[in-house]
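Novice: Questions regarding the structure given below will be posed in turn.
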Amino acid sequence: MSSLSRNLARTTARSLRQRIPLAKRSPVTAAPTLALRAPLQAAPVVAARFSTMSAGQQASPVSIEGSTQLYDPEIKDITEYIHNYKIDSELAYDTARFVFLDTLGCGLEALRFKECTKLLGPTVKGTVVPHGTRVPGTNYQLDPINGAFNIGAMIRWLDYNDAWLAAEWGHPSDNLGGILAVADWISRTNRAGGTLGNGKVLKVKDVLEGMIKAHEIQGCLALENSYNREGLDHVVLVKVATAAVVSKLLGLSPLQTADAVTQAWVDGQSLRTYRHAPNTMSRKSWAAGDACQRAVNLVLKVQRGEQGVPTVLSAPIWGFYDVLFKGKPFSFAPGAPLKICLHNYSLKAEFHSQTAIEAAKKIHAALKAQGKSAEDIKDIVIRTHEACVRIIDKQFKPMTNFADRDHCIQYMVATMLVFNRLEATDYTDGSEAATSSLVESLRTRISCIEDKQFTKDYHDASLRSIPNALTVTLHDGTVLPEVTVEAPLGHRLRREEAKPEILAKYRRHLEGRFGEEGANVRQLVELGVDYEKLVEMDVDRYVDLYVTE
């Protein structure tokens, strides 16, 4: 049995160590772990050298029913999970519901920004696709490939919803771009007499199931495998997970699903240079939409008969491992991706900084109580984890655009300390925060140092904490007590505490797009709270509640 197959079959239940200083600790409900699990055992394999470049050992290719060729065992494991595993965890569906609502709300909020909206709509202006994908918050009706890009770009534009932090980080909700686009298109087409998939009109529950499986696939591939260290962007995992889920929605056979997944791996992978200085730019905000678009496009090609690439990962010299992963095969460990996945609540902050912003908010309140403000601060030291230092420590780098600011921990902390807020509009050119001389001055006086224990806790499967600790020194020489926050609101042990915040955030985003008295706002909020009604709604009818004319 391959290492991934063992991971698919394994369940664990771990909690944060008691030392994490959570002000409000929610009880953990015992529930099955959401690690990928396949009910069918993979064919017996013999350990063999995985490639000509790798000194490691890996399972040999295995057979997939209906094919005379041998496939990489990882491909078979994903395929069997997609087609054979039944999701029966109430916790999984409940978590997916909140991710679903938050993701759609964040997509609506992104429509306030012209840099996002200029990329949306049909490729040829005015094109309307009969029975096509409807894009929430707009009047667009598109083909499912372009629809996946539109929804995917909206979802990730503000970097404002769920996050997954492990050896590789990412945002598994990005997969909703492809899943919702295809589910909506299938439902509208079949309602009009079509026969896509199984000819059914899909329910919202089908979308939630797809989200759960996409979260699990992306999460398990990311647990112990760092793509960013190889210069690759994490959206490769969005492409793979979306391709797997969408193939099942469209009624493809297991063999076709395997072929679609291999096509996602062989497709050219994005470099993450657009997330880092000196090239930080807006592509990072539509990279997930691009991945969703590519996934749907590849699945549709396989549906029409395009073959797969069976040993796309392991092929000597030309496979993914040898070309893009320094000859290393993937490593797999037990985990619970959706359960561990983090909700982002009311602060618009890149997730490695979330606890630092919470700490800064507490410091702002403490300064105010003493009759002081950010103007009294001489300098700040942030004790943090290695990933934070590598990604968002930009103390002296120029802030030239939205993308620079929302990936700079110094800018975010300074904004919170000066204005006692951190909102999406605080990152835009010409905003109060972006033009504040105090924010800019304070930003250059905030330094980061790595705490090895924080880094260890960040990667510890039993913790998955995202710790930050702030020490403030004032101009008069006073050193304030260090403020430490290890687990942000939205972490799995603060999930119940975060739910009211997530619903309030969802309502704000609905009202921001449709107005407080906007049509369907009340109905959407009520549906979000009523799980049973929500999951039984037809997908296309539900999406219609978000459409503008």
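The values are calculated or read from the model by the stated rules, or taken from the named source; none is laboratory data. These numbers were taken from a predicted model, which means no experiment stands behind them. Positions of Cβ are backbone-derived with ideal geometry, glycine not excepted, and every protein chain shown enters the neighbour counts. We work out accessible area using only protein heavy atoms, side chains counted, and drop any ligands, DNA or RNA first. Shrake-Rupley method; radii C 1.70, N 1.55, O 1.52, S 1.80 Å.
Novice: Within the range 111-129, track down each residue that is touching a residue at least 60 places away in the same chain (Cβ under 8 Å) and either open to solvent by 20 Å² or more (accessible area, probe 1.4 Å) or over 17 Å from Ala291 (Cα atoms) (or both).
Specialist: Within the range 111-129, Leu111, Arg112, Phe113, Glu115, Leu119 meet the criteria.
Novice: Which ones in the range 258-277 are assigned to a helix (DSSP H, G or I), in contact with a Leu (Cβ under 7 Å, 6 or more places away or on another chain) and modelled with pLDDT under 95?
Specialist: Residue satisfying the conditions is Arg272 alone.
Yes or no, residue by residue, for (1) assigned to a helix (DSSP H, G or I); (2) modelled with pLDDT of 95 or more; (3) closer than 30 Å to Ala504 by Cβ:
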residue: Val296; (1), (2), (3): yes, yes, no
residue: Lys301; (1), (2), (3): yes, yes, no
residue: Thr311; (1), (2), (3): no, yes, no
residue: Ser331; (1), (2), (3): no, no, no
residue: Lys339; (1), (2), (3): yes, no, yes
residue: Ile357; (1), (2), (3): yes, no, yes
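Novice: Considering Glu306, Glu224, which residue is closer than 24 Å to Ala92 by Cα and either open to solvent by 30 Å² or more (accessible area, probe 1.4 Å) or touching a helix residue (DSSP H, G or I) at 6+ places or on another chain (Cβ under 9 Å) (or both)?
Specialist: Just one listed residue meets the conditions, Glu224.
Novice: Also, I was wondering about something else. Yes or no: Ile377 buried (at least 16 other Cβ atoms within 10 Å of the Cβ), touching a Ser or Thr at 6+ places or on another chain (Cβ under 8 Å) and among the hydrophobic types (A, V, I, L, M, F, W, C)?
Specialist: yes
Novice: Restricting the search to the range 170-204, which residues are closer than 21 Å to Tyr531 by Cα, among the β-branched types (Val, Ile, Thr) and either open to solvent by 30 Å² or more (accessible area, probe 1.4 Å) or over 21 Å from the mean Cα position of the chain (by Cα) (or both)?
Specialist: Hit for the range 170-204 is Val201, nothing else.
Novice: Could you grab me the full set of residues in the range 482-514 that are part of a strand (DSSP E or B) and surrounded by 23 or more Cβ atoms within 10 Å (Cβ to Cβ)?
Specialist: Within the range 482-514, just Val485 meets the criteria.
Novice: Of all the residues that make up the range 216-257, how many are outside any loop (DSSP other than H, G, I, E, B), in contact (Cβ under 8 Å) with a residue 12 or more places away in the chain and more than 14 Å from the chain's Cα centre (by Cα)?
Specialist: Of the residues in the range 216-257, 14 are outside any loop (DSSP other than H, G, I, E, B), in contact (Cβ under 8 Å) with a residue 12 or more places away in the chain and more than 14 Å from the chain's Cα centre (by Cα).
Novice: Within the range 409-426, can one find any residue that is without any contact (Cβ under 8 Å) to a residue 12 or more places away in the chain, open to solvent by 10 Å² or more (accessible area, probe 1.4 Å) and at positive phi?
Specialist: Looking through the range 409-426, none of the residues is without any contact (Cβ under 8 Å) to a residue 12 or more places away in the chain, open to solvent by 10 Å² or more (accessible area, probe 1.4 Å) and at positive phi.
Novice: Could you please find all residues in the range 519-530 being closer than 22 Å to Ala181 by Cα and open to solvent by 50 Å² or more (accessible area, probe 1.4 Å)?
Specialist: Correct list: Asn520, Gln523.
Novice: Let me ask you something else. For the range 463-481, how many residues are hydrophobic (A, V, I, L, M, F, W, C) and surrounded by fewer than 17 Cβ atoms within 10 Å (Cβ to Cβ)?
Specialist: 2
Novice: A further question follows. Collect the residues in the range 126-171 that are on the phi > 0 side of the Ramachandran plot and in a loop (DSSP other than H, G, I, E, B), keeping them in residue-number order.
Specialist: If the condition is that a residue be on the phi > 0 side of the Ramachandran plot and in a loop (DSSP other than H, G, I, E, B), then Gly126, His131, Gly137, Asp159 are the ones that fit.
Novice: Of all residues in the range 91-106, which are of a type in the set (D, E, K, R) and open to solvent by less than 10 Å² (accessible area, probe 1.4 Å)?
Specialist: Asp102
Yes/no per residue for (1) of a type in the set (S, T, N, Q); (2) open to solvent by less than 10 Å² (accessible area, probe 1.4 Å):
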site: Leu232; (1), (2): no, yes
site: Val240; (1), (2): no, yes
site: Val245; (1), (2): no, yes
site: Pro254; (1), (2): no, no
site: Thr257; (1), (2): yes, yes
site: Val261; (1), (2): no, yes
site: Asp267; (1), (2): no, no
site: Gly289; (1), (2): no, yes
site: Cys292; (1), (2): no, yes
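Novice: Evaluate the range 431-446: report whether one residue or more is in contact (Cβ under 8 Å) with a residue 60 or more places away in the chain, of a type in the set (Lys, Arg) and in contact with a Leu (Cβ under 7 Å, 6 or more places away or on another chain).
Specialist: Scanning the range 431-446, I find no residue that is in contact (Cβ under 8 Å) with a residue 60 or more places away in the chain, of a type in the set (Lys, Arg) and in contact with a Leu (Cβ under 7 Å, 6 or more places away or on another chain), so the answer is no.
Novice: Here's a follow-up. Report, ordered by the first and then the second residue, all pairs with beta carbons closer than 6 Å, sequence separation of six or more or different chains, a first member in the range 453-472 that is farther than 10 Å from Ala487 by Cβ and among the hydroxyl-bearing types (Ser, Thr, Tyr), and a second member that is surrounded by 24 or more Cβ atoms within 10 Å (Cβ to Cβ) and at pLDDT 80 or above.
Specialist: Thr455/His385; Tyr458/His385
Novice: A further question on this structure: Going by the conditions given, is Asn190 part of a helix (DSSP H, G or I) and touching a strand residue (DSSP E or B) at 6+ places or on another chain (Cβ under 9 Å)?
Specialist: Against the criterion (part of a helix (DSSP H, G or I) and touching a strand residue (DSSP E or B) at 6+ places or on another chain (Cβ under 9 Å)), Asn190 does not qualify.
Novice: Farther than 22 Å from Lys284 by Cα, assigned to a loop (DSSP other than H, G, I, E, B) and either under 23 Å from the mean Cα position of the chain (by Cα) or β-branched (Val, Ile, Thr) (or both), is that true of Thr123?
Specialist: So Thr123 fails the test.
Novice: Sort out which residues of the range 388-425 are in contact with a Phe, Trp or Tyr (Cβ under 6 Å, 6 or more places away or on another chain) and assigned to a helix (DSSP H, G or I), and write them in order of number.
Specialist: Of everything in the range 388-425, those that are in contact with a Phe, Trp or Tyr (Cβ under 6 Å, 6 or more places away or on another chain) and assigned to a helix (DSSP H, G or I) turn out to be Phe402, Arg405.
Novice: Next question, about the same structure. What's the number of the condition Ala181 fails, among (1) modelled with pLDDT of 95 or more; (2) part of a loop (DSSP other than H, G, I, E, B)?
Specialist: Condition not satisfied by Ala181: (2).
Novice: Looking at the structure I just gave you, is Glu109 among the charged types (D, E, K, R) and in contact with a Gly (Cβ under 8 Å, 6 or more places away or on another chain)?
Specialist: yes
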